[in-house]
1. Residue check, residue 16 against (1) at positive phi; (2) modelled with pLDDT of 95 or more, all met but one. Which one?
2. Just give me the residues in the range 191-215 being part of a strand (DSSP E or B) and either out of contact with any strand residue (DSSP E or B) (no Cβ under 9 Å at 6 or more places or on another chain) or in contact (Cβ under 8 Å) with a residue 60 or more places away in the chain (or both), in sequence order.
3. From the list 130, 81, exactly one residue is under 25 Å from residue 261 (Cβ atoms) and surrounded by fewer than 14 Cβ atoms within 10 Å (Cβ to Cβ). Which is it?
4. Tell me the residue from 195, 200, 189, 262 that is at positive phi, surrounded by 14 or more Cβ atoms within 10 Å (Cβ to Cβ) and modelled with pLDDT of 90 or more, please.
5. Working only within the range 104-138, note down all residues that are touching a residue at least 12 places away in the same chain (Cβ under 8 Å), more than 21 Å from residue 247 (Cα to Cα) and part of a helix (DSSP H, G or I).
6. For residue 30, which of the numbered conditions (1) under 21 Å from the mean Cα position of the chain (by Cα); (2) free of Cβ contacts under 8 Å to residues at least 40 places away in the same chain; (3) more than 25 Å from residue 255 (Cα to Cα) fails to hold?
7. Out of 291, 270, report the one residue that is surrounded by fewer than 20 Cβ atoms within 10 Å (Cβ to Cβ) and at pLDDT 85 or above.
């Protein structure tokens with residue numbers, strides 16, 4: 001007999017209004033990216049741009065409501081600090097976008113006002129997209145089911161999966177899959193883990209430095225450690241990922257997602273090292289004990 005206090009399933013929580021909110025947020029951010037591209041193109045006349053602005057301004061209120069709905073669906077799942085950080089990030093940036101759109105609509109869209117609007121829209125698109133990625137990371141960490149995976153393949157997949165449909169114009173981050181030992185599987189939610197790895201690489205890789213981040217996989221009797229460091233290794237497998245964007249809520253969201261995923265996260269800014277430690281799957285641990 002199921003407990004009356006059993007947590008709701010992913011389908012129960014993430015369907016209905018939450019699914020609608022997710023769709024609204026994605027569509028509005030896609031429209032914002034489209035406007036940024038149009039503003040950047042000299043082929044698009046001011047009159048055509050002016051016709052788009054009212055619809056995007058009208059979409060800001062549903063976008064704000066959607067963010068609140070998505071954050072509310074996670075509030076009871078040990079992510080309060082991360083949700084507060086995201087809300088504090090989303091709210092003023094949606095307001096800033098609204099102000100920029102209203103100001104552009106209130107005057108002729110000449111070269112000066114067009115450049116000002118382009119700056120606002122490009123900045124809003126970058127920051128709000130990055131925040132949406134963090135929302136998705138938290139959702140995956142809360143609801144995703146774990147499976148047994150080889151951590152090497154997990155790292156490779158983190159680099160082959162683009163962060164949604166907005167890779168155009170984003171910075172590329174190069175890294176190396178360096179020294180590793182194989183044969184040990186971990187029970188892990190793959191999407192959340194790939195998000196953690198990709199953002200960990202970006203956190204290290206976007207800091208000033210000549211050496212590319214190196215991803216090092218190692219394990220002992222009980223745990224597998226995925227370490228991202230500036231320390232260079234003689235050999236390695238080159239990898240490239242599309243930047244998601246590092247913003248103020250990134251680290252609180254990474255810590256919350258790691259905890260929910262069963263990982264220990266360590267970040268040392270001074271030495272530029274980021275690591276995730278996952279317990280080995282039961283089968284892998286037994287294999288080690290009998291080896």
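The values are calculated or read from the model by the stated rules, or taken from the named source; none is laboratory data. Computed from a prediction, not measured in an experiment: that's the story for all the values here. Here Cβ is always computed from backbone atoms with ideal geometry, including for glycine, and neighbour counts include all displayed protein chains.
1. Unmet for residue 16, out of (1) at positive phi; (2) modelled with pLDDT of 95 or more: (2).
2. Once the filter is applied, which keeps residues that are part of a strand (DSSP E or B) and either out of contact with any strand residue (DSSP E or B) (no Cβ under 9 Å at 6 or more places or on another chain) or in contact (Cβ under 8 Å) with a residue 60 or more places away in the chain (or both), the range 191-215 yields only 215.
3. Answer to the check: 81.
4. The conditions single out 262.
5. Those that are touching a residue at least 12 places away in the same chain (Cβ under 8 Å), more than 21 Å from residue 247 (Cα to Cα) and part of a helix (DSSP H, G or I): 104, 105, 114, 116, 117.
6. Among (1) under 21 Å from the mean Cα position of the chain (by Cα); (2) free of Cβ contacts under 8 Å to residues at least 40 places away in the same chain; (3) more than 25 Å from residue 255 (Cα to Cα), the lone unmet condition for residue 30 is (2).
7. Of the residues listed, the single one that is surrounded by fewer than 20 Cβ atoms within 10 Å (Cβ to Cβ) and at pLDDT 85 or above is 270.
Conditions tested, residue by residue: (1) touching a helix residue (DSSP H, G or I) at 6+ places or on another chain (Cβ under 6 Å); (2) at pLDDT 95 or above.
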residue	(1), (2)
27	no, yes
61	no, yes
65	no, yes
81	yes, no
105	yes, yes
